[in-house]
Amino acid sequence: MTDFRPQQLDKKWQQQWASSKTFEVDEDASRTKFYCLEMFAYPSGYAHVGHLRNYIIGDVMARAKWMRGFNVLHPFGWDAFGLPAENAAIKTGTHPETSTLENIAHMKGQLQRLGISYAWEREIATCLPEYYKFNQWIFLKMLERGLAYRKRSTVNWCPSCNTVLANEQVIDGACWRCGTIVVARDLEQWFFRITQYADELLEGLESLTGWPEKVVVMQRNWIGRSEGARVTFPVAGTDAAIEVFTTRIDTIYGATFVLLAPEHPIVDRFVKESADAAFRERVASFRALDREARRDGKEGFDTGRSALNPFTGEEVPIWIANFVLAEYGTGAIMAVPAHDQRDFEFARKYTLPIRVAVQAGNEAVTVETMTEASTNYGRLVDSGDYTGQEAPAVITRMIADAGKRGIGTGEVQYRLKDWGISRQRYWGTPIPVVHCEKDGVVPVPYTDLPVELPKIATFTGLGDSPLAQASEWVNVKCPACGGPAKRETDTMDTFVDSSWYFLRFCDPGNTERPFDPAAAAYWMPVDFYVGGVEHAILHLLYSRFFTRVLRDIGLVDFDEPFTRLLTQGMVLNNGAVMSKSKGNVVDPDDMLAKYGADALRLYVMFVAPPEKEIEWSDAGLEGSFRFLVRVWRLVDHWAETIGGEAIPECGDDCTDTERAVRRKAHETIRRVTTDIEDRMHLNTAVSSLMELVNELYSFSDGTARGAPTRVEAQVGVMERTQTIAVLREAIDALVLMISPFAPHTAEELWHMLGHAGGLAAAKWPSFDPKVARADQVVVPVQINGKLRARVKAPADASEDQLSEIALADATVRTYTTGKTIRKVVVGKGPLVSLVVQ
RNA sequence: GCGAAAGUGGCGGAAUUGGCAGACGCGCCGGACUUAGGAUCCGGUAGCCGAAAGGCUAUGGGGGUUCGAGUCCCCCCUUUCGCACCA
């Protein structure tokens, strides 16, 4: 008996994989590629077991694919720029670069101790100039194409992080990272024109059949396409006009007032022209409200002005309302209280007129009786020439008429905004432009890339942009005129880094371009992508955007970067997500010291399907460890006896028991293979392997103490070459199939079984349906819907034969004698169902 | 409020297309081996009735379709997640 010492095996095989470069790959046109990727990590310095789950999921997939003959790219890297390192520098004085590189080294060690099969020579870190040079390269390309542009705009400012946030980084009016309430601030910013791709990003979702529906829906909602019309309402008594966006132009005869966002530009004019100090104040106080406060209730006030409804010619009052969003549509709406719930509430609150313009449904809607807005489409009433016509056709007609009369036009609006990428931070990619007094914004020439981050010694956390302090770096000659100029001191949002890193892995050493298009053509798209659902919108949408931009630049020739997406569930402990502050983290190194990497890997895969959240359990881990010990003992027990035997041909000379073991082995191969490859049910794959082990134990009873086994107790049974061959086949298959989950143990066992060469070179076992098929099947018999008997039948029995056998059965006959058999159904399974009366 | 997913033993979870509900594991109970067992092996373990054979009841609740429903349809309850004035 050889002892199972997982810690030694971990070390031995990890060294072996590293020294023989087992997982390093090259393009090979003769082989089918498989690109398996887990979302790269922010190097916080320490990963608890909750962080490790998706790497294990990816590794199981990668290793299984490897054995199935694919050329597997399985790389890893670091999302290494970002706020936490800079915040730490402010606190401790440690330079972000120092702490980041240390953190990377530590976390890399953690992943290596888990035995994840990464092609480490492709490792990338976004904070290195070799990488971010190409953030800058892509930025310049986008600038050339008008996809990167500058605009002055109100942005979200986090007073705590001292930086601008993208819309997507604001959650419920608060900073996504620190939770501080965001305030508005006006700054000159860089934007990526993602809205130019809005329709394409939306349509592309249709093709993402390998993504969870949930994520597709979230993206669709985020893009938020809506078709409608822009209609012009002239302001009475002036040459000005207010444009509104509406999806319900069919209700325009019911528009009884116009609402403006407090920030709407025309409000400035009203304020300027107004002598009323109270009016000014109300405007100012409305503008000061954050999103949170505006949600509390619908508030508004009259501007004293009125607008002309271009369809009716009627004058309607103009109000300012807190719930009208300045950043959506035109920042102004026509209010139709009869047919919009929000307008209805507003009208009732301020007793503004309500007028019905559409009748939907059977019961007529009247202003007097309605208690809520009637929002369904229907037949128009009191709508001039359009009266009696029906939506949606009338909408098309009204938009066309508005166009002819020059009072409106069809328009599509998106909830999606252009992506603000400027960050007033140090630890990020410098934006490669200079500001020249004479030439304005001048791009840094490609030949001068990368614009390297200067070393800054002290981090105060005060001021707008830390880079502004590095005066030697800031002051440069203008690339265009040679005169004095200043570098841009903002850095890029780190989501830029992560929007194309998966492409860099295809060719991480390229110094001329982000990557070689030929390499990307071979490896991309990513076949299997694993990561947290928290990236369902931002990272995944930006990556889809970047992929299209790079396509238009000519670097890739596909649209969608990720074919199949798996969003793994979180790991909870004591009902909560693991976090240091909650004090419920489980340290992987503790677990490795106690049980080894394989038990940890196996447990995390077995306890629940990958996309579900799991609750950490020491007892569960212990159970997985026990299972590995069982496997170890089984193989150890038989290794010598069964060495060198060929795969059996189980003919008539095999016993029933032998045939049963072969059947179980092949059935397990079938189940594990489909569970891993088709269904991603890794938990049931493991349970199938456990069943096989149980079967082999009852066959061979491989106890630790060498107690007489059942098989050995039968005289002469071990002389049967068939027995040995059957065991050999089953045990080989077991070790092969367990290897993606428990690679260290499997490598050692494979070696013990006398196989030359590592498992990565071994072939996944193949399933033989002929072997898996039983000669006899047990057929359940239902009588009036209740299970009453089981009968034995030949596996290839026809439906008629099955009914015959069932009806002849003694138990069945106790239910049928003296009664009429009304119906006999033979179902899949097979199964016989009788209706008896 | 809108949208999505889910609800199965003491627990985590199985059940692939409508076909034997509870695989597999944890826990618990019993046995074997033992000076000992928290090691290992074997067996049992949804609930109720029964000595047993067996029967009855069970997949959040209520209806329906079907020879047959955890699975499909309708209504309701609960939980989780996402979105939340997007005109």
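The values are calculated or read from the model by the stated rules, or taken from the named source; none is laboratory data. This is a predicted model, so every value here is computed, not measured. Neighbour counts run over all protein chains shown; Cβ positions are idealised from the backbone, glycine included. Surface areas here come from the heavy atoms of the whole protein model, side chains and all, with no ligands, DNA or RNA. Shrake-Rupley method; radii C 1.70, N 1.55, O 1.52, S 1.80 Å.
Taking Cα atoms only, the orientation of helix A:393-405 departs from the longest principal axis of chain A by about 40 degrees.
Given a Förster distance of 35 Å, report the FRET efficiency between A:E292 and A:N376 from their Cβ-Cβ distance, rounded to the nearest 0.05. About 0.65, to the nearest 0.05. Computed from the C-beta positions of A:A660 and A:E24 and an R0 of 41 Å, the FRET efficiency is 0.45 to the nearest 0.05. Put simply, the amide H of A:R564, placed in the peptide plane, has neighbours under 5 Å in A:F528, A:Y529, leaving out anything fewer than 5 places away on its chain. The fraction of accessible area contributed by carbon and sulfur in the stretch A:563-641 is 51 percent, rounded to a whole number (1.4 Å probe; ligands and nucleic acids excluded). Remark: relative contact order (the stretch A:246-349) = 42 percent; criterion is Cα-Cα distance under 8 angstrom and separation of 6 or more residues.
Short-range pairs are left out: with C-alpha atoms under 8 Å and at least six residues apart, the relative contact order of chain A is 14 percent.
Per residue, the accessible area of chain A comes to 44 Å², computed with a 1.4 Å probe over protein heavy atoms only.
Taking the Cβ of A:E243 as the centre, find all other residues whose Cβ is under 10 Å away and add up their charges (Lys, Arg: +1; Asp, Glu: -1). Taking every Cβ under 10 Å from that of A:E243, the sum is 0. Take the Cα of A:A277, step 7 Å toward its Cβ, do the same at A:V778, and the gap between the two points is 9.3 nm.
Listed peptides A:413-423, A:237-247 appear in the order A:413-423, A:237-247 once ranked by packing, highest mean of other Cβ atoms within 10 Å at the front. Highest average first, the peptides A:790-802, A:549-561 ordered by how many other beta carbon atoms sit within 10 Å of their residues are A:549-561, A:790-802. Using the Karplus relation 6.51 cos²θ - 1.76 cosθ + 1.60 with θ = phi - 60°, the per-residue 3J(HN,Hα) values for the stretch A:338-343 come to 5, 10, 9, 4, 5, 5 Hz, with x marking Gly and Pro. Around the amide H of A:R185, modelled in the peptide plane, lie the amide H atoms of A:V155, A:W157, all under 5 Å away and 5 or more residues distant in sequence or on another chain. Net length available on complete extension from A:A236 to A:T684 is 154.2 nm, with 0.36 nm assigned per residue and the Cα-Cα distance removed.
Amide H to amide H, which residues 5 or more places from A:E243 or on other chains are under 5 Å from it, using H placed in the peptide plane? For A:E243, the qualifying residues are A:F233. The charge dipole of chain A, taken about its Cα centre with unit charges on the Cβ of Lys, Arg, Asp and Glu (plus for the first two, minus for the last two), comes to roughly 960 debye. Taking the stretch A:783-804 and a reference point 7 angstrom along Cα→Cβ of A:K819, the backbone N atoms nearer than 14 Å belong to A:783-789. Rounded to 0.05, the FRET efficiency of the A:E213 and A:I537 pair, given R0 = 22 Å and the Cβ-Cβ distance, is 0.90. Shown here for the stretch A:553-651: trypsin sites (Lys or Arg not before Pro) in loop regions (DSSP other than H, G, I, E, B) with at most 13 other Cβ atoms within 10 Å, namely A:K580, A:K582, A:K612.
Do any of A:K417/A:K612; A:K11/A:K33; A:K21/A:K133; A:K786/A:K823 go past 24 Å between their Cα atoms, and which? A:K417/A:K612; A:K11/A:K33; A:K21/A:K133, as the Cα separations exceed 24 Å there. For chain A, the longest principal axis of the Cα atoms and the long axis of helix A:6-19 meet at an angle of about 70 degrees.
Taking the longest Cα principal axis of chain A as reference, the axis of helix A:618-642 is set at about 40 degrees. Going 7 Å from the Cα of A:A593 toward and past its Cβ, which residues in the stretch A:89-111 have a backbone nitrogen under 19 Å from where you end up? Counting only backbone N, you get A:106-111.
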